[in-house]
Amino acid sequence: MSTTVSPSAPARTRHTAQRQCLVCRTGGPKESLLRLVRAPSGEVVADLAGSLPGRGCYCCLQRNCLAGVTNLGLLSHTFRTRMAPIDRDLFVTDLHHQASQRLAGAIGVYAKGGAVVAGSDAIDLAMAKASTVSGLLVVATDAGDATARHWRHRAATAGLAVHTAGRESMWGAALGRDRCAVLWVCAPRAAKRVEWLLTLAAETAPIHTT
Ligand SMILES: [Zn+2]
């Protein structure tokens, strides 16, 4: 739980607080990790907005670590107090729902603010006008083959990250329309947040083995 600064970091690099995953001990920028706090009831609670009061600890966004934070001994050791037991599957499932909800909410808000462009035609137009094309593309899991292929190719050409996530109806609902097959998160800060939520949702999603 200490703040470390790499001695080799250039002096002009903006300082970013580093934290350690309580499970695997890997360090990383605070914003890249999931904050956890102890609720008054003694249970560990995920703090997706990073705003809950109290002493926090951090977990990286790897599936095994996210499930591993429910280990009571580890939790009690980390928080240096007795923690209430929680069900691992319920914790992970709830985390998945929270991440998905926040993702939809964020997309809606970002779209209103111009940080998300929705739909193939609108993205074509916006990319043609943009001086630099950055951020990330999100293609719905049930987007048509031609649409998905087209946007994966465009993303590769432009050097954009592309994520396949959410159904057309889910993105549509987030945007107040019927369906939406493709989103461009064009503002860097919004893209970072969306990528974080997408990763959290993916790493807590049920695994289909068949
Ligand atoms: Zn970890």
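The values are calculated or read from the model by the stated rules, or taken from the named source; none is laboratory data. As the structure is a prediction and not an experimental result, all values here were calculated from the model. Using ideal geometry, Cβ is built from the backbone for each residue, glycine included, and neighbour counts are taken over all protein chains shown. The area values use the complete protein model at the heavy-atom level, side chains included, leaving out ligands, DNA and RNA. Shrake-Rupley method; radii C 1.70, N 1.55, O 1.52, S 1.80 Å.
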How many residues does the range 108-124 contain that are surrounded by fewer than 12 Cβ atoms within 10 Å (Cβ to Cβ) and charged (D, E, K, R)? 2
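Yes/no per residue for (1) in the same structural domain as Val44 (by TED's automatic domain parsing); (2) assigned to a helix (DSSP H, G or I); (3) closer than 28 Å to Ala46 by Cβ; (4) open to solvent by less than 10 Å² (accessible area, probe 1.4 Å):
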{"site": "Ala126", "(1), (2), (3), (4)": "no, yes, no, no"}
{"site": "Val133", "(1), (2), (3), (4)": "no, no, no, no"}
{"site": "Ala190", "(1), (2), (3), (4)": "no, yes, yes, yes"}
{"site": "Leu198", "(1), (2), (3), (4)": "no, yes, yes, no"}
What is the number of the single condition among (1) more than 12 Å from the ligand (Cβ to nearest atom); (2) modelled with pLDDT of 95 or more that Thr26 does not meet? (1)
Here are some conditions: (1) closer than 24 Å to Arg189 by Cα; (2) more than 15 Å from the ligand (Cβ to nearest atom); (3) touching a residue at least 60 places away in the same chain (Cβ under 8 Å). Leu95 meets all but one. Which one does it not meet? (2)
If Leu74 satisfies all but one of (1) in the same structural domain as Trp151 (by TED's automatic domain parsing); (2) in contact (Cβ under 8 Å) with a residue 40 or more places away in the chain; (3) surrounded by fewer than 17 Cβ atoms within 10 Å (Cβ to Cβ); (4) aliphatic (A, V, I, L, M), what's the number of the condition it fails? (1)
May I ask you to list pairs of residues, at least six apart or on different chains, whose Cβ atoms are under 8 Å apart, with the first in the range 133-144 being on the phi > 0 side of the Ramachandran plot and the second being assigned to a loop (DSSP other than H, G, I, E, B)? Gly135/Leu160; Gly135/Cys186; Gly135/Ala187
Of the criteria (1) modelled with pLDDT of 95 or more; (2) under 21 Å from the mean Cα position of the chain (by Cα), which one Ser134 fails: (1)
Hey, Asn64 hits all of (1) within 16 Å of the ligand (Cβ to nearest atom); (2) part of a helix (DSSP H, G or I); (3) in contact (Cβ under 8 Å) with a residue 60 or more places away in the chain but one; which does it fall short on? (3)
Can you pull out every residue in the range 32-61 that is of a type in the set (A, V, I, L, M) and within 11 Å of the ligand (Cβ to nearest atom)? Leu33, Leu34, Leu61
